[in-house]
Amino acid sequence: MPDLLLEIFSEEIPARMQAKAADDLRRMVTDKLVAEGLVYEGAKAFVTPRRLALTVHGVPARQPDLKDERKGPKVGAPDAAVQGFLKAAGLKSLEEAKIQRDPKKGDFYVALIEKPGRPAIDVLAEFLPVIVRTFPWPKQMRWGERSAKPGALTWVRPLHSIIATFGMETEEPDIVRFDVAGIEAGQTTRGHRFMAPGEFSVRRFEDYEAKLHDAKVVLDPQRRKDIILADAKELAFAQGYELVEDQVLLDEVSGLVEWPVVLMGSFDKEFLSIPGEVIRATIRNNQKCFVVNDPKTGKLANKFILVANIEASDGGKAIVAGNERVIRARLADAKFFYETDLKTKLEDRLPKFDQIVFHEKLGTQAVRIARIEWLASKIAPLVGADVAKAKRAARLCKADLLTEVVGEFPELQGLMGKYYAHAAGEDASVAAACEEHYKPQGPNDRVPSDPVSIAVALADKIDTLVGFWAIDEKPTGSKDPYALRRAALGVIRLVLENNLRLGLELIFVGTHGFLSYGLILRERQNFATALEEAGKRISIVKPIAEAYEAGYEEGAKERLRAKAAADIPNLLSFFADRLKVQLREQGARHDLVDAVFALGNRDTEGNPVLESAQDDLLMVVRRVEALGKFLDTDDGKNLLAGTKRASNILAIEEKKDKRSFDGAPDASLYKLDEEKALAAAINDVKREASAAVANEDFAAAMSAMAKLRPAVDAFFEKVKVNDNDAKIRENRLKLLNEIRAATRTVADFSKIQD
């Protein structure tokens, strides 16, 4: 079968757009091929700074002939219906249609449409220019005299040429004839801009890739990355250093060069007095260079590695010197920023936060810090942290946002707070919390383990969640502008990976009350004063009913209680959903997660809500784990089958009778020993399982459940549930309901798949 080679050659494509562009080109072309009946064998896209390329293997030389049968109106239908049918089917008259007999529905017209397939090269010539014109670049531009005309071609950068060849491997390929804005498709391209700028002709992909390599162009992005990484490691090792690997930078640099050449430069040792992260950010962000470590000290060396796009005649000396000159100036600026920052303590920067709005409905950054400080002091005893240190860390944790270095390199926020706190003589835990309170920021990010860091990290994230819930700024669909899903997952990981026992409902209620009362008091006094007063009145260790009995002025208590009654269940539901996602990603069966969460209440929209006994995330996870182990046993599998059988019978009979069979069965109506044995077993299991759950011994609760299996099996074997006597039937259905109720001590078995 023939192969397609397509290249779109232009000025330099921004590195950040390259990977998606290659994927878009492959997807758009192959989707169109399939839609046209040209099912291919394989396709692969490539990208360099100056070209997008695609090879598609095993494309049929011709479309298949299509035969379609189109059903028309009934014989004798109105003329308008007949004419519409003829037009749609492409027929001139009814004589070209056939009549299909149908004794039941009546005879109707049928059009047999035969569409001969076209040569694949003609199909390609038809849709390839459309793909070029409609290519989904994030940003596009016009150029040249033609750009002023309506419908002028736009592209990410000026387009120069197009290669489009199609043919068998053993034959000379044909050119797919089309043009885009005067640029005709051909089989000519160019090599490296400086080392091999001349034009050359290509035929098919193998020929194309080989000639490009001879012309100093490495076509495959992954191969360029491999070359850069291997050469950089080798160069660093040869000089006695270790490369500090950076995948994001590697991806970007590989998109800046077509012929990577790795070189090493240096900078003055005096700059090593500033934090290594600042040096790395300066060199990385401004010059796209890698840094190296000295293995003897484990710290950065005064060397850097750059990637050039040319084999210079002087061995790269001028290129290295130019980069050294720029990096020297940039590091001088960074050193000045760092030393200037050290002259002002973090605490002395805090008054500026009074003038910086965090959110118009949630107050200034100073108010937010006050809330985090209050909440951290309440959470600290629950996680084993020193209260004074937690409050101090919460007070200072955002201060580095006002420093020069963080202003220049925002990605260093938190980290610089740690350095400045250490320099000011703050406690080590306080300094660590300044950095770690942002963590974890993603599924692969490290989770803090120091109690002070945990307290401040939880306070920061919970304040964000409760705050935006209180002002009705919740995530909707795919939109989450305040990263609330990430904050919730951060709380979940902090709790689970540190084995913390926290009742989220009480913490949320207290935080909500503190925030809401402060917002109410702000109507008549300074917000900071309002928060101070609210902090004296609100506790996170009181139930919701007490939290709003704190002596508020008339009306405020009711307003807060009503708002919390709406917000807290919804927020807990949000956490339940995030925890389910987390557990599934860790390999837990989704049905077991659903079975445990089904024990909780549900909000007004029917979503699962963690109830007071279920808002301990660690216990939820342990319950899911114990349930999974139990269902792997024969007792678990058989009990599940019996419980489901009981549930199914109940569902049928409840639907038939239009009523539920709640309430305790009447022991005097038991006729058979199996009924009595099942009732006794249910009572024993309920008592044992409830006691085990209360003691948080879920393995014991599952063992208690296992004792129910023999009685359930015997009941279904010997007892006829739908007895002729209505009272006995009702009593036996109530007994089945007791099976369901007993198993719900540990989980809702109806949610578990067989």
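The values are calculated or read from the model by the stated rules, or taken from the named source; none is laboratory data. Model, not experiment: these values are computed from the prediction. Cβ atoms come from the backbone with ideal geometry, glycine included; neighbour counts cover every protein chain shown. Just the protein is used for accessible areas: all its heavy atoms, side chains included, with ligands, DNA and RNA removed. Shrake-Rupley method; radii C 1.70, N 1.55, O 1.52, S 1.80 Å.
Within the stretch 84-121, count every residue that is open to solvent by less than 80 Å² (accessible area, probe 1.4 Å), of a type outside the set (Phe, Trp, Tyr) and more than 30 Å from residue 56 (Cα to Cα).
Count: 16.
Regarding residue 449, is this residue in a loop (DSSP other than H, G, I, E, B), polar (S, T, N, Q) and over 18 Å from the mean Cα position of the chain (by Cα)?
It is true that residue 449 is in a loop (DSSP other than H, G, I, E, B), polar (S, T, N, Q) and over 18 Å from the mean Cα position of the chain (by Cα).
For residue 90, which of the numbered conditions (1) farther than 25 Å from residue 134 by Cβ; (2) touching a residue at least 60 places away in the same chain (Cβ under 8 Å); (3) not polar (S, T, N, Q) fails to hold?
Tallying (1) farther than 25 Å from residue 134 by Cβ; (2) touching a residue at least 60 places away in the same chain (Cβ under 8 Å); (3) not polar (S, T, N, Q), residue 90 fails exactly one: (2).
Among (1) closer than 30 Å to residue 287 by Cβ; (2) open to solvent by less than 70 Å² (accessible area, probe 1.4 Å), there is one condition residue 362 misses while meeting the rest; what is its number?
(1)
Sort through 473, 549, 533, 523 and tell me the only one that's in a helix (DSSP H, G or I) and either open to solvent by 20 Å² or more (accessible area, probe 1.4 Å) or at pLDDT 85 or above (or both).
On the way: 473 fails: in a helix (DSSP H, G or I); 549 fails: in a helix (DSSP H, G or I); 523 fails: in a helix (DSSP H, G or I).
Sole residue among the options that is in a helix (DSSP H, G or I) and either open to solvent by 20 Å² or more (accessible area, probe 1.4 Å) or at pLDDT 85 or above (or both): 533.
Can you list residue pairs whose Cβ atoms sit under 6 Å apart, with the first residue in the stretch 576-599 being without any contact (Cβ under 8 Å) to a residue 40 or more places away in the chain and over 20 Å from residue 508 (Cβ atoms) and the second being open to solvent by 40 Å² or more (accessible area, probe 1.4 Å) and among the charged types (D, E, K, R)? Count only pairs 6 or more apart in sequence or on different chains.
What qualifies is 590/584.
Condition first: open to solvent by 30 Å² or more (accessible area, probe 1.4 Å), charged (D, E, K, R) and either free of Cβ contacts under 8 Å to residues at least 24 places away in the same chain or not in a loop (DSSP other than H, G, I, E, B) (or both). Now tell me which residues in the stretch 31-79 satisfy that.
Answer for the stretch 31-79, where residues must be open to solvent by 30 Å² or more (accessible area, probe 1.4 Å), charged (D, E, K, R) and either free of Cβ contacts under 8 Å to residues at least 24 places away in the same chain or not in a loop (DSSP other than H, G, I, E, B) (or both): 31, 32, 44, 62, 67, 68, 69, 70, 71, 74, 79.
Across the stretch 258-276, what is the total count of residues that are over 14 Å from residue 303 (Cα atoms) and in contact with a helix residue (DSSP H, G or I) (Cβ under 7 Å, 6 or more places away or on another chain)?
Count: 3.
Out of all the residues in the stretch 660-676, is one or more among the charged types (D, E, K, R), within 41 Å of the chain's Cα centre (by Cα) and crowded, with 16+ Cβ neighbours inside 10 Å?
Within the stretch 660-676, none of the residues are among the charged types (D, E, K, R), within 41 Å of the chain's Cα centre (by Cα) and crowded, with 16+ Cβ neighbours inside 10 Å.
List the residue pairs whose Cβ atoms are under 8 Å apart, where the first residue sits in the stretch 305-333 and is over 22 Å from residue 193 (Cβ atoms) and at pLDDT below 95, the second is open to solvent by less than 50 Å² (accessible area, probe 1.4 Å) and polar (S, T, N, Q), and the two are 6 or more positions apart or on different chains.
Filtered contacts from the stretch 305-333: no entries.
Can you tell me which residues in the stretch 661-679 are touching a residue at least 12 places away in the same chain (Cβ under 8 Å), of a type outside the set (Asp, Glu) and within 17 Å of residue 646 (Cα to Cα)?
Scanning the stretch 661-679 gives 661, 663, 664, 665, 677, 678, 679.
State all residues of the stretch 142-173 that are under 38 Å from the mean Cα position of the chain (by Cα) and open to solvent by 100 Å² or more (accessible area, probe 1.4 Å); if no residue qualifies, say none.
Result: 142, single match.
When the stretch 620-653 is examined, which residues are found to be touching a residue at least 40 places away in the same chain (Cβ under 8 Å) and closer than 20 Å to residue 724 by Cα?
646, 649, 650, 653
Could you check the stretch 441-463 and list, in sequence order, the residues that are at pLDDT below 95, open to solvent by less than 40 Å² (accessible area, probe 1.4 Å) and over 16 Å from residue 380 (Cα atoms)?
Result: 442, 445.
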